[in-house]
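Computed from the coordinates by the stated procedures, all read-outs in this text should not be read as laboratory data. Note that the coordinates shown come from a computational prediction; the quantities given were computed from them, not determined experimentally. Note that we place each Cβ from the backbone using ideal geometry, even for glycine, and neighbour counts take in every protein chain shown.
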Amino acid sequence: MEQTLAIVKPDGVARGLIGQVLARIEEKKLTIKAMKLIHMTQAQAEGFYAVHKERPFFGSLTDFMSSGPALVMILAGDHAIAHWREMMGATNYKEAAEGTIRSDYATDIEKNVVHGSDAPETAAFETGYFFNAFERV
Ligand code: ATP
Ligand code: MG
């Protein structure tokens, strides 16, 4: 069983989309292995998105990610990384396939409701960034 880190980003939490996202996760039979609501500091958001630190949008992205509570989760399942990214849709909601979370709910390339790990190595880093062994079932 593969694991991935999923986040309902601050825009999704503020807009009341946690329930919609969780319903889709349960409907698609991904298993929730860990879950908590956190409010990241900017430094924590910078550590999380360190791979993007040279990007022009890094400051804005870390401001946004630390702007309010976010729901962080570990999801498990067959090909969980690709499966969850398929459910999210493309980064830019305008290019996201119909029926994906970003196509249905995102309003902005940055405020795109959800996050998902993009590879096994990043999933291992990201799940460990937010959860210790006692917080996982
Ligand atoms: P995430 O890592 O959040 O799951 P992703 O893997 O689809 O999304 P990345 O390329 O890793 O996309 O970018 C990380 C996040 O940075 C995006 O989800 C989005 O919030 C923001 N972002 C990406 N590209 C841009 C951009 N051109 N302008 C503003 N924000 C951007
Ligand atoms: Mg990414």
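Computed over neighbours whose Cβ is under 11 Å from that of Q3, the net charge equals 0, Lys and Arg +1, Asp and Glu -1. Here the dipole of the chain is about 260 debye; that uses its Cα centre as origin and unit charges on the Cβ of Lys and Arg (positive) and Asp and Glu (negative). Considering only G47, L37, V114, and ranking their Cα positions along the charge dipole of the chain that arises from unit charges at the beta-carbon of Lys, Arg, Asp and Glu, the one farthest toward the positive end is L37.
For the chain, relative contact order (Cα pairs under 8 Å, six or more residues apart, normalised by length) works out to 37 percent. Taking the inverse of the mean 1/r over every pair of distinct Cα atoms in the chain gives a Kirkwood hydrodynamic radius of 14.9 Å.
Where the eigenvalues come from the Cα gyration tensor of the stretch 46-118, what are the semi-axes √(5λ) of the equivalent ellipsoid, largest first, in whole Å? Each step should come with its number before you reach the end.
Numbers: eigenvalues 85, 50, 28 Å².
Rounded to whole Å, the semi-axes are 21, 16, 12.
When peptides 28-41, 104-117 are ranked by their average number of other Cβ atoms within 10 Å per residue, the highest-first order is 104-117, 28-41. Counted by neighbouring Cβ atoms within 10 Å, the residues E121, E54, E86 run from fewest to most as E54, E121, E86. When you count the other C-beta atoms within 10 angstrom of each residue and take the mean per peptide, 13-20, 74-81 line up highest first as 74-81, 13-20. Shown in residue order for the stretch 113-129 are the 3J(HN,Hα) couplings computed by the Karplus curve 6.51 cos²θ - 1.76 cosθ + 1.60 at θ = phi - 60°: 6, 9, 10, x, 4, 10, 6, x, 5, 5, 4, 5, 4, 6, 5, x, 5 Hz (x for Gly and Pro).
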